[in-house]
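Enquirer: Can you keep this structure in mind? I'll have questions shortly.
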Number of protein chains: 2
Amino acid sequence: MTKIIKLMQKDKDLEPFFEPRSVAIIGASPHFHKPNGRPVQSLLSSGYEGEIYPVNPNYRSIENLKCYPSIKDIPYPVELAIVVIPAAGVLPALYQCAEKGVKGAVVITSGFSETGEEGRLLENKMSELARQSGMRIMGPNCMGMINNLNGLWASFAQLVIQKEHFYERRFSLISQSGFFGAFIYRMAGQDKLAFSHFASVGNQADLDFTDFLAYMVVDPQVEIISGYIEGLKDGGRFLAVAREALLRQRPFVVMKVGRTAAGARAASSHTGSLAGIDKIHDAAFKQAGIIRAGTLEKFLAAITLFAAKRRPSGPRAAIISTSGGGGVILSDECEEHDLDVVELSTETRHELDKVLPFFASSANPVDLTAQIMTEPDLLLKCFKLVEADPNVDMIIVSLYVSFELAKTVTDTMVELYKQVKKPVLAIGYPFGDIAEVEKMLDRMRSVGIPVVKAADNGIWAISRLLEWMKKTKTITRPDGVLPGVECETALQIFRPLPKNRKYLTEFQAGAVLRAYGIDIPEAGLAYSSTEAVQIAERIGFPVVLKIQSPDILHKTDVGGLVLDLKNPEEVEDAYRRICADIARRAPEANLEGMLVQKMLPPGREVIVGVKQDAVFGPVVMFGAGGIFVEVLKDVSFRVAPLTRGDASDMVREIHGYPLLAGIRGDNPADIAALEKILLKVSRLAMELKDEIEEMDINPLLVFDDGKGVAAADALITRKING
Amino acid sequence: MTKIIKLMQKDKDLEPFFEPRSVAIIGASPHFHKPNGRPVQSLLSSGYEGEIYPVNPNYRSIENLKCYPSIKDIPYPVELAIVVIPAAGVLPALYQCAEKGVKGAVVITSGFSETGEEGRLLENKMSELARQSGMRIMGPNCMGMINNLNGLWASFAQLVIQKEHFYERRFSLISQSGFFGAFIYRMAGQDKLAFSHFASVGNQADLDFTDFLAYMVVDPQVEIISGYIEGLKDGGRFLAVAREALLRQRPFVVMKVGRTAAGARAASSHTGSLAGIDKIHDAAFKQAGIIRAGTLEKFLAAITLFAAKRRPSGPRAAIISTSGGGGVILSDECEEHDLDVVELSTETRHELDKVLPFFASSANPVDLTAQIMTEPDLLLKCFKLVEADPNVDMIIVSLYVSFELAKTVTDTMVELYKQVKKPVLAIGYPFGDIAEVEKMLDRMRSVGIPVVKAADNGIWAISRLLEWMKKTKTITRPDGVLPGVECETALQIFRPLPKNRKYLTEFQAGAVLRAYGIDIPEAGLAYSSTEAVQIAERIGFPVVLKIQSPDILHKTDVGGLVLDLKNPEEVEDAYRRICADIARRAPEANLEGMLVQKMLPPGREVIVGVKQDAVFGPVVMFGAGGIFVEVLKDVSFRVAPLTRGDASDMVREIHGYPLLAGIRGDNPADIAALEKILLKVSRLAMELKDEIEEMDINPLLVFDDGKGVAAADALITRKING
């Protein structure tokens, strides 16, 4: 908790960027068409009320503003510096800024790490300067940032200053691509979505994506945060801040591109091989309630829906259309995205039938037919009836019509919207002159009605809104637990291992699990068949024999495993057989004894795993066992640390979940115990993240409800540096 | 085969609709703004060169055309009649038409079956008239039809006559909704997609959707067929014609709406309960290579891609963008839709590096950066290099850029396109003035470059095109086999059953399977434990005992099944136990003996089923057995009759397929034998479609390769009328 608060407090550092009382433009030019001329032009025309200090030794003034030869020459305090001079001069200028006591610097100049090693070294110096001076640096190689609320335009982008804000909630954009961020900003503007804040983070020498995210999470002026992400660095921190956004009811809409980046590397465990880079991103985003849009169009649709003031209180939708086709298309999409096309109440239908022509449908979707051309108040009447129906949470109006029909619909909706309470969404794109159609849609947007052109995107966005609302109700912070005796016990198993030892034996892995309170069968390590029998007699029959070797990962493949040994003779016999098989099939393997393990009673097999993700750090995997994992890849992931909710979700989201819940009269399995194991594994994964690269508990046996779980086998792959 | 040819020949009947030498408009009006005025107006202005005969007793002439009091008064032959008089007069007018020898009538008038029973009766008379006279009738309650190639406008719709045809292949539209069809027609027009033929089929009193489809399949003027479908009637015939389209290399793009229609009815078999209405449609469409678009936007994207002259010879795509974001978005979508974002050859990259600025990427996606603003021929140079790369099947150009950049891209592409050979696709929507952007896109379209605005839709459409091309290479007609002795043998099992007997016993079901050459274990029916032992001794131990009762569908649930009986004692004991259990747990059940069946050796369990689909008739289901079906619903469907290719596809498309192919060193199962069984079941389903409502062979055991398959249990539900 303290950690989280600290995470957020840090963001005070960004206030000078978004709310500076004074701005210096280092390298300012009176040629406003040039990139270094634009910031002054923008600040002058955007309504920014703070002080503006152009800095350039070649000019005495720019547009009535005094121009200073260097930042040192400014006799007043400067909070923000915008740097638009060539790369070579940037570092010296930044040193001067820090000396002057500047709080933040936006380095727009490019030519740093994106060009090679030399540039990277310059960037390293920047981040060092930021650390030492406390002056925070944005960029370099960025498009800068914009606060549309106070006219703070620290950017060279030729973006329109969007004063028209058609939707009632404010939203920001943080982008890892300057050009594409600007493209999104403009495309959104066409849909009358005006971002209140825009930040292009550039090379992230000092401030990174997550820093801006953290600022937006606490800035009371921002209600919705959106981001364009190409690659995350510290996924764990990102996720913690994103979770905080959810806890504070701030929707965070993300377009994460680069699904194909970095092909999955070869991995020795299931967990490793099943974790495609994008799967982990999806899991992490789900975990923190991040709304992930797969396309630009979906991204804009989501912002539209979240920006609208009214939100549905449930998934029950009424659809009103003026053509059968439009209604059925919307209805199909609702079905696809788990919205309820509800049955209207008998009373509503009765009243609808009174006003509708006999050939129109009062069933949901309500089809007014082209009759509304001759009877324009048909929509008004029907809309009010539908809106009043207690079964209805929202009304979706189809715009899959001709321009003339859409105009009639628009006229009514604009008049009607403020008179009703429930959320309304207009979906579709009327046929007609494109410019005229856009004007018409703008009229609808201007009263607050969200408009989305494509049915799939619009209905998808509503479903995301509903899911997000649900998630805000269940989200919690992960329990913070200080590493205790468990961690120390486990570390004692790792410490004596040779440096290059990559795999733990099952016996060692079992000890690690046991340290974290994960049940493993009683066992002993034998070095002769006599010892094996002795151990078996001590722990009780039946037992299992398993060869222990760091060189044998899949014991069954080489005959290294025999189950269900019921008496001393069977143990002796199996011991000999295993030794003979290994000698033949894995003659090179280093052997570290024979594990004699109590045979577990039958249970439902699942797999629980851990892997270190390059972006998110320790990740926990869960799957239904055996064939389900191998053939169907039926697994779920969550980034550690897990909350109880995460553990519950990951058990329930696999397709094989019914096997655990009990099918065809089977008893339910001990799901509560399973969830506890996931939390324990999450803790193990966090605390041993420097030791464990990958781990599979496979199978973990889940017994009937109340009877617990036990790890029947475990494979731990160590993290070996170099 | 003969049947198929007949299916196609029938379509000669539609020639008078699309190619009439003379047209009468019954109810023609000189008021061109009225629906009955529009057909004359359209025919006069559309370039139609045949004879036009207005018919209306109230006028002597309409626009210099002589107007006749009735169709009988026209002294010349009339091939097509367009009927736009009120409903009451329609039938008498049609009788006159038939008498006059008219070949086809387009009944635009509404007020028939869509208004109730009385209207339905009038329609019945229409179809009777069509049958008796040979005059084919389109509609009623339709928007009519259009042939843009000869100006034949038999419609009252205010559609633009599209003379601009920007793409090189011709395409038609058949729609089950007049209004939505017209909407599609217009929206397509905005993308410069001009349909050559348009037919709104209305209430389908005589001619239905499939009739028009069949016509388009043989009409040499149509290259691509598209359809808007709300509900099919004779799915089997539809599918046969659609398959014919594929065999003749005619793409058929469909938007089928109404996924939610008619909730799945309660069913006693797995096959019944797993067959959601939309699953069967999806399976049927896949079977015939129909391209199903889930949204209007995808529908238009597919038409765009199919209409373009050039088609990629493989899935290897090169992406050229002027911003990193655009490239990565397209690259993600390619990954999503199984297109290869190939590695360019070393040589190509080497040459690219020579012309690209140092900060641009020569890897695929090739990112030209905004450098092309200052160096406009950069695209030209790079494009030619990429196009020449033998690794590249197609080039995708990103339009996710500003208007200025897009303009430079457009200028180059328009100049370049004819000089190169490989397919090019432009995807994205540039930011800028909407009307100007559209003009720019039109310039690209006008030289033949397909343009799609949303990346997901565009890349999806390419992937559909590639899949369709692949399917055209493997499609075959189902083998036509005349019902033989198998059918007669099976019918002999059904005939003696009481009329209301809904379920066959396993013994009876087994006999049906055996008739079709499907292996079942050797078995006998016993009525005492002594008889059971005698049968067991005859067929050999081990055996299985199964109670036979039409009232017990799931034997295991009531203890009616005991496996693996190794000797007479075990048989006797099991016999007694089953009788006792049944007496206690299903006392009301009518018993029909005890099946004594040879115990099958272990094999991989699958399920094969049959159900009668309301739309498509007999449907065959296949799934991996047990839990896979119950928990994961991992099944595939195909409409009977199956081709060998269908059988092969349906085995391979289930997720559990690797279990059959062999995982972790398992032997492969006898997949060839399994495919043969599917073909036998397909035949059984066709020939016994009047007897069998549903059938499950569950489990069907598939033995190792070369060892065949056997049905371990079967449930047949009879079709009972009433």
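The values are calculated or read from the model by the stated rules, or taken from the named source; none is laboratory data. If you're wondering where the values come from, they're calculated on a predicted model, not measured in any experiment. Backbone-built Cβ (ideal geometry, glycine too); neighbour counts: all protein chains shown. Accessible surface areas use protein heavy atoms only, side chains included; no ligands, DNA or RNA. Shrake-Rupley method; radii C 1.70, N 1.55, O 1.52, S 1.80 Å.
Enquirer: Given only helices, namely DSSP H runs of n ≥ 4 each adding -39500 (n - 2.57), what is the per-residue ellipticity at 222 nm of the protein assembly as shown, to the nearest 500 deg cm²/dmol?
Expert: Rounded to the nearest 500, it is -12000 deg cm²/dmol.
Enquirer: Same structure, new question: Read phi for every residue in segment A:399-410 and hand back ³J(HN,Hα) as whole Hz from Karplus 6.51 cos²θ - 1.76 cosθ + 1.60, θ = phi - 60°, with x for Gly and Pro.
Expert: Couplings: 10, 7, 9, 6, 4, 4, 5, 4, 5, 4, 4, 4 Hz.
Enquirer: Could you state how much accessible area is buried at the B-A interface, both sides summed, with a 1.4 Å probe, in Å² to the nearest 100?
Expert: Buried area (both sides, nearest 100 Å²): 4700 Å².
Enquirer: Ok, one more. When the accessible area of segment B:86-215 is split by element with a 1.4 Å probe, what percent falls to carbon and sulfur?
Expert: That fraction is 48 percent.
Enquirer: Among the listed pairs A:Lys422/A:Lys470; A:Lys473/B:Lys279; A:Lys439/B:Lys309, give every one whose C-alpha distance is greater than 27 Å.
Expert: Distance filter (> 27 Å) returns A:Lys473/B:Lys279; A:Lys439/B:Lys309.
Enquirer: To continue, here is another question. Highest first, please rank the peptides A:179-192, B:484-497, A:288-301 by the mean number of other Cβ atoms sitting within 10 Å of their residues. Spell out each step's value before the answer.
Expert: On the way: A:179-192: 21.9, B:484-497: 14.4, A:288-301: 23.5.
Top of the packing list down: A:288-301, A:179-192, B:484-497.
Enquirer: Which of the lysines could be linked to B:Lys546 by a straight reach, that is with a Cα gap under 27 Å, when you skip same-chain ones fewer than 8 residues away?
Expert: B:Lys499, B:Lys502, B:Lys555, B:Lys566, B:Lys598, B:Lys611, B:Lys633, B:Lys680, B:Lys707, B:Lys719
Enquirer: Hey, got the average number of other protein chain Cβ atoms within 10 angstrom for residues in B:176-187?
Expert: Counting other chains' Cβ atoms within 10 Å and averaging over B:176-187 gives 5.
Enquirer: Please list, ordered by chain and number, the residues whose modelled amide H lies under 5 Å from the amide H of B:Ile25; skip anything fewer than 5 residues away on the same chain.
Expert: B:Tyr53, B:Val55, B:Ile82
Enquirer: I've got another one for you. Going by Cα centres, segment B:516-538 and segment B:27-61 are how many Å apart?
Expert: Going from one Cα centre to the other spans 78 Å.
Enquirer: Something else: What residues have an amide H closer than 5 Å to that of A:Val401, excluding those fewer than 5 places away on the same chain, when H is modeled at 1.01 Å from N in the peptide plane?
Expert: Under 5 Å from the amide H of A:Val401 lie the amide H atoms of A:Tyr429, A:Phe431, each far enough along the sequence or on another chain.
Enquirer: Between the label point of A:Asn500 and that of the same position in each other copy, find the distances and list them shortest first in nm, with every label point placed 7 Å from Cα along the Cα-to-C-beta direction.
Expert: 8.3
Enquirer: Here is a follow-up. Between B:Asn64 and A:Lys707, how many nm apart are label points set 7 Å from Cα along the C-beta direction?
Expert: Label at B:Asn64, label at A:Lys707, 9.4 nm between them.
Enquirer: Cα axis of helix A:277-287 to longest principal axis of chain A: angle in degrees, 0 to 90, nearest 10?
Expert: 70 degrees
Enquirer: Sticking with this one: Going Cα to Cα from A:Lys421, which aspartates and glutamates come in below 16 Å? Please leave out same-chain ones fewer than 8 positions away.
Expert: A:Glu168, A:Glu387, A:Asp389, A:Asp393
Enquirer: Right, something else. Of the peptides B:616-622, B:475-481, how do they stack up when ordered by the mean number of other Cβ atoms within 10 Å, highest first?
Expert: B:616-622, B:475-481
Enquirer: While we're looking at this one, here's another question. Per-residue HN-Hα couplings for segment A:618-630, Karplus 6.51 cos²θ - 1.76 cosθ + 1.60 at θ = phi - 60°, whole Hz, x for Gly and Pro?
Expert: In residue order, the calculated couplings are x, 10, 9, 10, 9, x, 6, x, x, 4, 4, 6, 5 Hz.
Enquirer: Continuing with this model, one more query. With each label point set 7 Å from Cα along the Cα-Cβ vector, what nm distance links B:Asp377 and A:Asp581?
Expert: Label at B:Asp377, label at A:Asp581, 7.2 nm between them.
Enquirer: Around B:Tyr167, which amide H atoms from residues at least 5 apart in sequence, or from another chain, sit under 5 Å from its own amide H, with H modelled in the peptide plane?
Expert: So B:Tyr167 has HN proximity to B:Ala194.
Enquirer: With the Cα gyration tensor of the protein assembly as shown giving a ≥ b ≥ c as the square roots of its eigenvalues, does the rule (a/c under 1.5 for rounded; else a/b larger than b/c for prolate; else oblate) give rounded, prolate or oblate?
Expert: Note, shape of the protein assembly as shown comes out oblate.
Enquirer: Can you list which of the GluC sites (Glu not before Pro) found in segment A:550-602 are DSSP loop residues with at most 16 other C-beta atoms within 10 Å?
Expert: A:Glu588
Enquirer: Return the average number of partner chain Cβ atoms within 10 angstrom of each residue Cβ along peptide B:289-296.
Expert: On the way: counts 0, 0, 0, 0, 0, 6, 8, 9.
Average per residue, whole number: 3.
Enquirer: Which lysines does A:Lys471 reach when only Cα atoms under 16 Å apart count, and residues fewer than 8 places away in its own chain are ignored?
Expert: Within reach: A:Lys286.
Enquirer: Between the alpha-carbon centers of segment A:607-652 and segment A:276-296, tell me the distance in whole angstrom.
Expert: Here the answer is 15 Å between Cα centres.
Enquirer: Further, regarding this structure: Please report the carbon-and-sulfur percent of the accessible area for segment B:285-391; probe 1.4 Å, protein heavy atoms only, DNA, RNA and ligands left out. Show your work: numbers first, answer last.
Expert: Working: 1990 of 3960 Å².
Here carbon and sulfur together make up 50 percent of the probe-accessible area.
Enquirer: Give me the accessible area per residue for chain B, probe 1.4 Å, as a whole number in Å².
Expert: Accessible surface, normalised per residue, equals 39 Å².
Enquirer: While we're looking at this one, here's another question. Can you list the residues of segment A:436-480 whose accessible area drops by at least 30 Å² going from the chain on its own to the full set of protein chains, with a 1.4 Å probe?
Expert: A:Asp456
Enquirer: Something else: Which loop-located trypsin sites (Lys or Arg not before Pro) does segment A:646-677 contain, where loop means any DSSP state but H, G, I, E or B and the Cβ has at most 12 other Cβ atoms within 10 Å? Walk me through the numbers before you get to the answer.
Expert: Values: sites: A:Arg652, A:Arg664, A:Lys676; in loops: A:Arg664.
Qualifying residues, ordered by number: A:Arg664.
Enquirer: Enter the mean number of other protein chain beta carbons within 10 Å of the beta carbon of each residue in A:628-634, as an integer.
Expert: 5
Enquirer: Also, I was wondering about something else. Taking θ = phi - 60°, what integer Hz values does the Karplus form 6.51 cos²θ - 1.76 cosθ + 1.60 yield along segment A:140-151, in sequence order, with x for Gly and Pro?
Expert: Result, rounded to whole Hz: x, 6, 10, 8, x, 9, 9, 10, 6, 7, 10, x.
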